[in-house]
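The values are calculated or read from the model by the stated rules, or taken from the named source; none is laboratory data. Fair warning: this is a prediction, and the values are worked out from it, not measured in the lab. Virtual Cβ from ideal backbone geometry, glycine too; neighbours counted across all protein chains shown. Each accessible area value is taken on the protein alone, full model and side chains, heavy atoms only, with ligands, DNA and RNA left out. Shrake-Rupley method; radii C 1.70, N 1.55, O 1.52, S 1.80 Å.
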Amino acid sequence: MSPPLLGALFLLLWLGFAGDVAVAGGKWSWRGVPTTLDGPFEPVTVPLSDDAFRGHAVDLPPTDPRVRRNVVGFEPEQVSVSLSADSDSVWVSWVTGEFQIGDDIKPLNPKSVASVVRYGRIRRLLKNEATGNSLIYNQLYPFEGLQNYTSGIIHHVRLTGLKPGKLYYYQCGDPSIPAMSDIHFFRTMPISSPGRYPRRIAIVGDLGLTYNSTSTVDHIRHNKPDLLLMVGDVTYANLYLTNGTGSDCYSCSFSQTPIHETYQPRWDYWGRFMEPLVSEIPIMVIEGNHELELQVDNITFASYSSRFAFPGEESRSYSTFYYSFNAGGIHFIMLGAYISYNKSSDQYKWLERDLANVDRSVTPWLVATWHPPWYSTYKAHYREAECMRVAMEDLLYSYGVDLVFNGHVHAYERSNRVYNYSLDPCGPVYITIGDGGPATGNFCWDRQPDYSAYRESSFGHGILEVVNETHALWTWHRNQDLYDSPGDQIFIVRQPDECPVNPIQSNSQRVDVI
């Protein structure tokens, strides 16, 4: 029996019943949900009314209780969890102390507050303790009238020796002050295996901090994911001047400003708003164009690189801009579209090595993410990342990447399996999901090429549920729908026998032995 049919039979157990499952002619369906084996599909465009479906992309004000500072002194805030490379460790991050903004800022001393996490399997018995590192970052502008910024103290602590698939309780801060957080919890990822996967993975891009974002996050929480992927454009702090004045079109409103300013407190607001979610659900982030945030001495990405913990060292990229990690039987590759990616770059060489080290008998699924899409049929940002595609597509295709998630275009689109703009049964399925934040508009509805299967101009988030080594259910949840009503749904089916890995050979693919 072929792997797809074996996977279909396994689904009967996963779904819990067989009444709505039919298998015929080597294909199967569940409640009419199509599979990629039914494709390629004829292109479908769902035209939606802006008023009914685009939501309210109005920024939350600093007076909103969800973004106000509600701790005192050096008590932790903006607590979050992120994954290390494998299931036996996670990162815990938080901020202590208040940011400063103005002409006369005095950075806090990171060494003045300890970075301690106490954790354990029993809520009232946090017998394990780990320590980490702390830092501050500045956002400085060499022009009169622009306000400089220095952050609170940002802490990152890595917990190691954890058991896979288990619930842990933790408390972070400095017990000597004392200034400790409330007790939070997280669940570690399953061990890397073809039979073990996170139950649900939520994926969102271009989230921002708007009233529409609050709807997106409410929907995500309702779906109770085990992991959250954020595919770039986090806070849109660069749509603000340093005095806090904002605009949806920065270049239109502030064309005469001497440097592209940002309002860094929006990062603190975002961290506070997201804490109830990401202090429990690990978040993995990759940079978008709105994270660039140029400042004095041509420094870029300072906030992005400082505020999140990345498994760069663990995945041997030693970078905040590209890295990889495992979540059960899935190997995730997070790539940077705003640093060098050509074949002579460090990123490309790292990607070759990382792909060469993936054992598909252990992690059958290979998922890649970066911010700007290669395959998008909207006018906004059309083929903006074409140079990246030319540099990297052959490499990803040769290793059999199954799924690609992107943001940047503030609309939803799912492709047929595609490679080099041609339908290809062994190409990845590309999904653009930059749907959390500000609206853009100006979409090309007049022509939809055959590689585009489904597109609609709606906001929301996606849920990926990997069932086994060949089948995964993808569901697109629109903000305007009821919590349990999918907007788009399909089973992604891998065919490893039909699409064997055939890597491009090069000297830099040698597997490092340490």
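Among the protein heavy atoms of the chain, carbon and sulfur supply 50% of the accessible surface, probe 1.4 Å, non-protein parts ignored. Between the listed residues 85, 167, 146, the Cα displaced farthest toward the positive end of the dipole of the chain, a dipole computed from Cβ unit charges relative to the Cα centre, is found at 167. Measuring nothing but alpha carbons in the range 365-425 and taking Rh as the Kirkwood radius, the Rg to Rh ratio lands at 0.92. Charged neighbours of residue 199, selected by a Cβ distance under 15 Å, balance to +3 (K, R count +1; D, E count -1). Distance between the 7 Å Cα→Cβ label points at residue 343 and residue 447: 3.0 nm. The dipole here belongs to the chain: it is taken about the Cα centre, uses +1 on the Cβ of Lys and Arg and -1 on the Cβ of Asp and Glu, and is about 1420 debye. Contact order, relative form, for the chain: 18 percent (alpha carbon pairs under 8 Å, 6 or more residues apart, mean separation divided by residue count).
Computed from Cα positions, the angle between helix 3-15 and the longest principal axis of the chain comes to roughly 60 degrees. With axes computed from alpha carbons, what is the tilt in degrees of helix 265-278 against the longest principal axis of the chain, rounded to the nearest 10 within 0 to 90? Relative to the chain, helix 265-278 is tipped by roughly 50 degrees. Residue 162 sits among other residues whose Cβ lies under 13 Å from its own Cβ, and their net charge, with Lys and Arg +1 and Asp and Glu -1, is +3.
Sorted by mean Cβ packing within 10 Å, highest first, what order do the peptides 296-308, 329-341, 63-75 take?
329-341, 296-308, 63-75
Averaged over its residues, the range 169-324 has an accessible area of 34 Å² per residue, based on protein heavy atoms and a 1.4 Å probe.
In angstrom, the C-alpha Rg and Dmax of the chain are 22.5, 73.
Residues with beta-carbon under 9 Å from that of residue 414, excluding residue 414: net charge, scoring Lys, Arg +1 and Asp, Glu -1? Net local charge, residue 414 excluded: -1.
Using the average count of surrounding beta-carbon atoms within 10 Å as a protection proxy, the listed peptides 160-169, 413-422 rank, highest first, as 413-422, 160-169.
Pairs of Lys residues in the chain are counted when their Cα atoms are under 29 angstrom apart and they lie 8 or more places apart or on different chains; the count is 7. Pairing the Cα long axis of helix 346-356 with the longest principal axis of the chain, what angle in degrees results, from 0 to 90 and rounded to the nearest 10? The answer is roughly 40 degrees.
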